[in-house]
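The values are calculated or read from the model by the stated rules, or taken from the named source; none is laboratory data. Since this is a predicted model, take the numbers as computed values, not measurements. Note: ideal-geometry Cβ built from the backbone for every residue, glycine included; neighbour counts use all protein chains shown. Note: areas computed on protein heavy atoms with side chains; ligands, DNA, RNA excluded. Shrake-Rupley method; radii C 1.70, N 1.55, O 1.52, S 1.80 Å.
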Amino acid sequence: MHDRGKVIADLALSLALGGICLADIALLRSQPDLVWHVVSDPTVSRLIDRLPAVCPCASKGLTATCRGLQLAHNQLASTRTGGTP
């Protein structure tokens, strides 16, 4: 069994690095020197599917977190490029 907290932390890191979907965790998987052992895409999907049963507020929280990270990423990219990313 995988540590749910690490999977969520890896997802958050992938989003912070510009990821826009769950499969973008592959970005971390391609950098073994940066992050040790990143779970497979099916494992991520299973966790996300099961998380609301473990923590009912998880679905809304994950959605809000993803939107917030995407907004922050877009604002940063816009600042760097002088326009919309």
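Could you run through region 1-44 and say how many residues are in contact with a helix residue (DSSP H, G or I) (Cβ under 6 Å, 6 or more places away or on another chain) and of a type in the set (S, T, N, Q)?
Adding up the residues that qualify gives 1.
Per-residue answers, yes or no, for (1) in contact with a Leu (Cβ under 7 Å, 6 or more places away or on another chain); (2) at pLDDT 75 or above:
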site: Ala9; (1), (2): no, yes
site: Ala26; (1), (2): no, yes
site: Val44; (1), (2): yes, yes
site: Ile48; (1), (2): yes, yes
site: Ala53; (1), (2): no, yes
site: Thr65; (1), (2): no, no
site: His73; (1), (2): no, no
site: Pro85; (1), (2): no, no
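Condition first: touching a Lys or Arg at 6+ places or on another chain (Cβ under 9 Å) and open to solvent by 70 Å² or more (accessible area, probe 1.4 Å). Can you find one or more residues in region 17-36 that meet it?
There is no residue in region 17-36 that is touching a Lys or Arg at 6+ places or on another chain (Cβ under 9 Å) and open to solvent by 70 Å² or more (accessible area, probe 1.4 Å).
Looking at this structure, is Leu47 open to solvent by less than 60 Å² (accessible area, probe 1.4 Å) and within 17 Å of His2 (Cβ to Cβ)?
So Leu47 passes the test.
When both residues are 6+ apart or on different chains and their Cβ atoms are under 8 Å apart, which pairs have a first residue that lies in region 1-17 and is more than 13 Å from Ser40 (Cα to Cα), and a second that is hydroxyl-bearing (Ser, Thr, Tyr) and surrounded by 14 or more Cβ atoms within 10 Å (Cβ to Cβ)?
Hits for this filter: Ala12/Thr65; Leu15/Thr65.
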